[in-house]
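Trainee: First the structure, then my questions, so here it is.
The values are calculated or read from the model by the stated rules, or taken from the named source; none is laboratory data. Small disclaimer: the values here were computed from a predicted structure and weren't measured. Ideal geometry is used to build each Cβ from the backbone, glycine not excepted, and the neighbour counts take in all protein chains shown.
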Amino acid sequence: MTRKWICILSSLVLLTGCWDTRQFKDIKLVLSIGFDQNEDGGVIETVSIPTVKRSTEGPTSETVQILTTEGHTPREARDHTDQMIANTFDPSKAKVILMGEELAKNSIQPIFDQFYRNPNNNLNAYIAVVEGKAEDAIRITPPNEPGVSKYVSGLLEGQTMATHSTGENIEVLHGEMLEPGIDFAVPLLSVKKEENLLNFEGLALFHKDAYTGKFIPNHQTTLLMLLEGIRGKVASFTLKVTDEEENPIRNYLTFRVMRNRHDMKIKVENNQVTADITMKLKVRVVEYPRDHLTSKKTIKELNKKLSELLTEQSEEIIATVQGANSDVFQIGRNVESYHPEYWKKIKWEEEFPNITINPIVEVDIVQYGVIS
């Protein structure tokens, strides 16, 4: 009997609760945050705070409060927001972090410092740059959408699944900002005020922790991802393969990547870096009005044409990346790891724009539908 009571009392000690419990009724959850730069070089913070109202007789309803404050630092701006709302500002469930173009061109590391220092913050939040002001993006009211936070996070998640973006979040970004020889790209959005919508414009290229002002347009982002060795659930291309047809639609072919093999070989010879990026794509044709895809000759000609077109586009992408001095291919990390003596002699940010990067794309049509 004594042993039984000892076990019960021991259990009660272990079940006393969590010392850092936070009651939902005492906080205001912030689901999306936008940062802009003010005229003095400080920070403008815009937050979206949803409030759910429950009714005993009808369905629940949700209202969204948008607040904009300023401060010398992000933390000071947050404190000013706290002074305007009931309960406590809590960004632990933030889904989206948006940055205005001008702020991103300066430096984003100070913006995220507060997120890394607080263990309650959500490091899986999506990140994007907004043409113009992030505040304008937070303040849109997208039609047929429950709120801007769900809309933007859904939009960015869709771009990741469609191989338009890597899905950069705060956690991944931290290492890429601090490690030499690695740069990154995040989604670039524009605000369509008349439609109350956002548009994915492409990928904003960063060098270290600053936006370079250059970006890969949305029609080339899938190819950039594949050049980096990344493929989402879907990777599709529409390319013009001929000029022979009077009907413009019949000049194009759309295909989907079924399998892809990616290989990058880096050499350092005579103090010159050369990177050969090879991609072999097995594809399925999903749209080709000209048809006749049962002909081996037609397939061979299309394979050659598609390979040439994607190789040319790859060269354009690489030229943009090197012009922005944004090593999104992480060639610098490879050089540092396997050629340390050369790495110690050079400044990579001065070398990267001048190295040789050779893209080679090989397309092989393996499926072409049931129409003969």
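Trainee: Take the residues in segment 210-237 that are of a type in the set (Gly, Ala, Ser) and not in a loop (DSSP other than H, G, I, E, B); name whichever of them is farthest from LYS280 (Cα to Cα). Step through it out loud before you land on a result.
Mentor: Residues of segment 210-237 that are of a type in the set (Gly, Ala, Ser), as a first pass: 210, 213, 229, 232, 235-236.
With not in a loop (DSSP other than H, G, I, E, B) added as a condition, the list becomes 210, 213, 236.
Working: ALA210: 33, GLY213: 31, SER236: 15 Å.
Here the residue is ALA210.
Trainee: Taking segment 154-209 as the region of interest, how many residues are part of a helix (DSSP H, G or I), of a type outside the set (A, V, I, L, M) and in contact (Cβ under 8 Å) with a residue 40 or more places away in the chain?
Mentor: Residues of segment 154-209 part of a helix (DSSP H, G or I): 154-161, 170-178.
Okay, now just the ones that are also of a type outside the set (A, V, I, L, M), so 154, 157-160, 171, 174-176.
Then keep just the ones that are in contact (Cβ under 8 Å) with a residue 40 or more places away in the chain; that gives 159-160, 171, 174.
Within segment 154-209, residues that are part of a helix (DSSP H, G or I), of a type outside the set (A, V, I, L, M) and in contact (Cβ under 8 Å) with a residue 40 or more places away in the chain number 4.
Trainee: Given the criteria without any contact (Cβ under 8 Å) to a residue 24 or more places away in the chain and either closer than 25 Å to GLU176 by Cβ or crowded, with 16+ Cβ neighbours inside 10 Å (or both), does SER295 qualify?
Mentor: Here the answer is no, as SER295 does not meet what is asked.
Trainee: Return yes or no: is ILE317 surrounded by fewer than 16 Cβ atoms within 10 Å (Cβ to Cβ), touching a strand residue (DSSP E or B) at 6+ places or on another chain (Cβ under 8 Å), of a type outside the set (D, E, K, R) and at pLDDT 95 or above?
Mentor: Judged against the criteria, ILE317 is not a match.
Trainee: Mind checking which residues of segment 123-141 are touching a strand residue (DSSP E or B) at 6+ places or on another chain (Cβ under 6 Å) and surrounded by fewer than 19 Cβ atoms within 10 Å (Cβ to Cβ)?
Mentor: Answer for segment 123-141, where residues must be touching a strand residue (DSSP E or B) at 6+ places or on another chain (Cβ under 6 Å) and surrounded by fewer than 19 Cβ atoms within 10 Å (Cβ to Cβ): ASN124, GLU131, ARG139.
Trainee: Given the conditions (1) surrounded by 15 or more Cβ atoms within 10 Å (Cβ to Cβ); (2) under 28 Å from GLU246 (Cβ atoms); (3) among the hydroxyl-bearing types (Ser, Thr, Tyr), which single one is not true for TYR342?
Mentor: Failing condition for TYR342: (2).
Trainee: Suppose we keep only residues that are in contact with a helix residue (DSSP H, G or I) (Cβ under 9 Å, 6 or more places away or on another chain) and among the charged types (D, E, K, R) within segment 231-268. Which one would you say is surrounded by the most Cβ atoms within 10 Å (Cβ to Cβ)?
Mentor: In this case the residue turns out to be ARG231.
Trainee: Taking segment 129-146, which residues are in contact (Cβ under 8 Å) with a residue 60 or more places away in the chain, touching a Leu at 6+ places or on another chain (Cβ under 7 Å) and of a type outside the set (Val, Ile, Thr)?
Mentor: Of everything in segment 129-146, those that are in contact (Cβ under 8 Å) with a residue 60 or more places away in the chain, touching a Leu at 6+ places or on another chain (Cβ under 7 Å) and of a type outside the set (Val, Ile, Thr) turn out to be GLU131, ALA134, ALA137.
Trainee: Moving on. Within segment 33-47, which residues are buried (at least 23 other Cβ atoms within 10 Å of the Cβ) and out of contact with any Phe, Trp or Tyr (no Cβ under 9 Å at 6 or more places or on another chain)?
Mentor: ILE33, GLY34, PHE35, ASP36
Trainee: Ok, one more. Can you pull out the residues in segment 316-372 that are in a helix (DSSP H, G or I) and touching a helix residue (DSSP H, G or I) at 6+ places or on another chain (Cβ under 6 Å)?
Mentor: If the condition is that a residue be in a helix (DSSP H, G or I) and touching a helix residue (DSSP H, G or I) at 6+ places or on another chain (Cβ under 6 Å), then ILE317, GLN322, GLY332, VAL335, GLU336, TRP343, TRP348, PRO353 are the ones that fit.
Trainee: Further question on the same structure: How many residues are within 10 Å of the chain's Cα centre (by Cα) and closer than 10 Å to ILE127 by Cα if we restrict to segment 151-172?
Mentor: Result for segment 151-172: 4.
Trainee: What about LYS95, is it under 12 Å from ILE170 (Cβ atoms), in the same structural domain as VAL172 (by TED's automatic domain parsing) and among the basic types (Lys, Arg)?
Mentor: Working: under 12 Å from ILE170 (Cβ atoms): yes; in the same structural domain as VAL172 (by TED's automatic domain parsing): yes; among the basic types (Lys, Arg): yes.
For LYS95, the condition - under 12 Å from ILE170 (Cβ atoms), in the same structural domain as VAL172 (by TED's automatic domain parsing) and among the basic types (Lys, Arg) - is met.
Trainee: Output the number of the condition that VAL152 fails; it satisfies all remaining conditions of (1) of a type in the set (Val, Ile, Thr); (2) more than 15 Å from LYS95 (Cα to Cα); (3) surrounded by 18 or more Cβ atoms within 10 Å (Cβ to Cβ).
Mentor: Just one mismatch for VAL152, condition (2).
Trainee: Would you be able to say whether some residue in segment 115-122 is of a type in the set (Ser, Thr, Tyr) and either crowded, with 23+ Cβ neighbours inside 10 Å or farther than 13 Å from ILE170 by Cα (or both)?
Mentor: No - not one qualifying residue is present in segment 115-122.
Trainee: Further question: In segment 66-107, which residues are farther than 18 Å from ILE138 by Cα, part of a loop (DSSP other than H, G, I, E, B) and within 22 Å of the chain's Cα centre (by Cα)?
Mentor: Matches in segment 66-107: SER107 only.
Trainee: Next up: Quickly run through segment 64-104 and pick out the residues that are without any contact (Cβ under 8 Å) to a residue 60 or more places away in the chain, in contact with an Asp or Glu (Cβ under 8 Å, 6 or more places away or on another chain) and of a type in the set (Gly, Ala, Ser).
Mentor: GLY71, ALA77
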